[in-house]
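Trainee: Supplied in structure tokens, the structure appears directly below.
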Amino acid sequence: MADADPTAPSGAADITAEARRILVENDRGGYTVPSSRLYPFQWNWDSVFVALGWAEFDRERAWQEIDTLFKAQWPSGMVPHIVFWTEQSTYFPGPDVWRGGRGGPASSGISQPPVAATVVRRLVEDGGELSEGRYDAIDRWHRWWHAARDPEELGVMAVVHPWESGRDNLPDWDRPMAAIDTSAVGSYVRRDTDVVDPAMRPHKDDYDRYLALVEFGAERDWEDDAIATGSPFRVADPGVTAILLRAERDLAWMGRRLGRDVTAIERRIDRMEAGFERFWQPEVGHYCSFDLLTGRHAEAGTSASFLAPYAGIDMNLDRLVTELDAWSQACRFLVPSFDPRHPDFEPLRYWRGPVWGMVNYMIATGLAEHGHDRWAERIRRHTAELIERSGMPESFDPVDGGPVGGPRFTWTAAMWLAWAGV
Ligand code: DGY
């Protein structure tokens, strides 16, 4: 593979200026939209990663991004995946379909990977002030994850909608989604394919199922118990679980700093450390999702498997690094979202192949923390090179490095500012 050249990015200052412009252009006053036409509202994990970009030139604005998100926290502690602060007609499904909000701003009824504690810790380590209120809000969110998405205390987090994983059309969800009844889904008009090439987006069959699941939750007023016991889609996700496990460690760090009793957090960490091994599939060499309704594991690796070290799990690290090496020989740019050797790999179709900057950031962080600095640096360099070649789109083709998905994408710009371009 021809990627061993560690040459520093050329034109880095120009890219940095452009990345800042993207953040400013997508700023809607207190929150940043991921991409102006494709995603015109506040998205949960987008916003939190974007705070890292803001922190590079406007620390107050970084905190504001996170604080705005938590203004939409539900009484249950859930922090929704979309907050509809304004009315916009360019996105479907909007607030009338979701029927979420619980007295606060209109929102979706599911959550998204909980990266907030980890990002807040980084802001605090960089000199920001940790407030009791922020700590409590994040702790409530984490407790919600355990109560609502792991009521049986298996130590793994379920997602009840592919959108809750943040990795919408991952091949992992194909089999669990196949069983979902779409007969009540009426006609609808998608807006995503007005903006992005349909070859880069989920299929209509996927959308029918996404909407059936939204309707299932909305009909039950998004009641956690009804969803935990009745949702036709409940899949334990190593991505969300790894991110939450990492976030719990960072929350405990903050709690100790504030002089709080963190025993409950430590118990949650112990449970998740033990639970994480349920994902391990030795014959695949990856941490694989499993369907909680059938007990069946996915049969291929995804980029989330490489988040194990980020979560502080190093049990199978040598094997994982061997897999990363094999992936690197199967495609030009790391880290594809799905195994590039697998027949379901599609380099352009959203989460079935493309490389995502913020996933690379998390994977590289974990690898560096566990002594794999060369791999971490290689992933950083690949991310920088992708941005140099293709600008700051939503994601990248791992085979030829071309841009994929929405244009002028905020979290890609933020990852350049906070990590890849540094
Ligand atoms: C979408 O609309 O594609 C989003 O990923 C849902 O969160």
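FYI, it's all coordinate maths here, none of it is from the lab. Since the structure is predicted, the reported quantities are computational estimates derived from the model, not experimental observations. Cβ placement follows ideal geometry from the backbone for every residue including glycine, while neighbour counts extend to all protein chains displayed.
Trainee: If you take the beta carbon distance between SER89 and ALA147 as r and set R0 to 41 Å, what does 1/(1 + (r/R0)^6) give as a FRET efficiency, to the nearest 0.05?
Mentor: 0.70
Trainee: Could you give P(r) for the range 36-82, binned at 10 Å from zero, as whole percent values over all Cα-Cα pairs?
Mentor: Percent of pairs per bin, in order: 27, 50, 22, 1.
Trainee: Additional query: Listing ARG234, ARG21 from the residue with the fewest other Cβ atoms within 10 Å to the one with the most, what is the order?
Mentor: Starting with the residue having the fewest Cβ neighbours, the order is ARG21, ARG234.
Trainee: With 5 Å bins from zero, work out the P(r) of the range 9-113 over every alpha carbon pair and list the percent per bin.
Mentor: Over the range 9-113, the share of Cα pairs per 5 Å bin runs 2, 13, 23, 22, 18, 11, 6, 3, 2, 0 percent.
Trainee: Relative to the Cα centre, what is the charge dipole magnitude of the chain, using +1 at the beta carbon of each Lys and Arg, -1 at the beta carbon of each Asp and Glu, and rounding to the nearest 20 debye?
Mentor: Details: 45 positive and 66 negative charges, 92 e Å.
In debye, rounded to 20, the chain gives about 440.
Trainee: Per residue and in Å³, how big is the convex hull formed by the alpha-carbon atoms of the range 305-422?
Mentor: So the per-residue hull volume is 89 Å³.
Trainee: Taking the Cα atoms of the range 60-182, report the difference between the largest and smallest coordinate on each principal axis, in whole Å and largest first.
Mentor: Largest first, the range 60-182 extends 49, 40, 26 Å along its Cα principal axes.
Trainee: As I understand it, the dipole of the range 324-422 uses +1 on the Cβ of Lys and Arg and -1 on the Cβ of Asp and Glu, about the Cα centre. Which of PHE338, ALA364, ALA418 lies farthest toward its positive end?
Mentor: My answer, from the dipole projection, is ALA418.
Trainee: Report the Cα centroid-to-centroid distance between the range 56-80 and the range 234-276 in angstrom, as an integer.
Mentor: Centre-to-centre (Cα) distance: 20 Å.
Trainee: Using a Debye calculation, one point per C-alpha and no hydration shell, please list log10 I(q)/I(0) for the range 193-339 at q = 0.13, 0.14, 0.15 Å⁻¹ in order.
Mentor: Once normalised to I(0) and log-transformed, intensities are -0.81, -0.91, -1.00.
Trainee: Let me ask something additional. Using only the Cα atoms, work out Rg/Rh for the range 140-200, with Rh taken as the Kirkwood radius, to two decimals.
Mentor: When Rh is taken as the Kirkwood radius, the ratio is 1.07.
Trainee: Semi-axes of the chain's equivalent ellipsoid from the Cα gyration tensor, sqrt of 5 times each eigenvalue, largest first, rounded to whole Å? Don't skip to the answer; put the middle values down first.
Mentor: On the way: eigenvalues 151, 122, 117 Å².
The equivalent ellipsoid of the chain has semi-axes of 27, 25, 24 Å.
Trainee: Give me the extension gain from ALA274 to GLN329: residue separation times 0.36 nm, minus the current Cα-Cα distance, reported in nm with one decimal.
Mentor: Length difference between fully extended and current span is 16.6 nm.
Trainee: Say R0 is 30 Å: what FRET efficiency, to the nearest 0.05, do VAL97 and ASP225 get from their beta-carbon distance?
Mentor: About 0.85, to the nearest 0.05.
Trainee: Right, something else. Could you work out the pair-distance distribution P(r) of the range 284-362 from its alpha-carbon pairs, with 5 angstrom bin width and percents rounded to whole numbers?
Mentor: 3, 16, 25, 27, 19, 9, 2, 0
Trainee: A further question follows. Can you compute the label reach from ALA199? Point 7 Å from Cα along the Cβ direction, backbone N cut-off under 11 Å, restricted to the range 367-407.
Mentor: Answer for this model: none.
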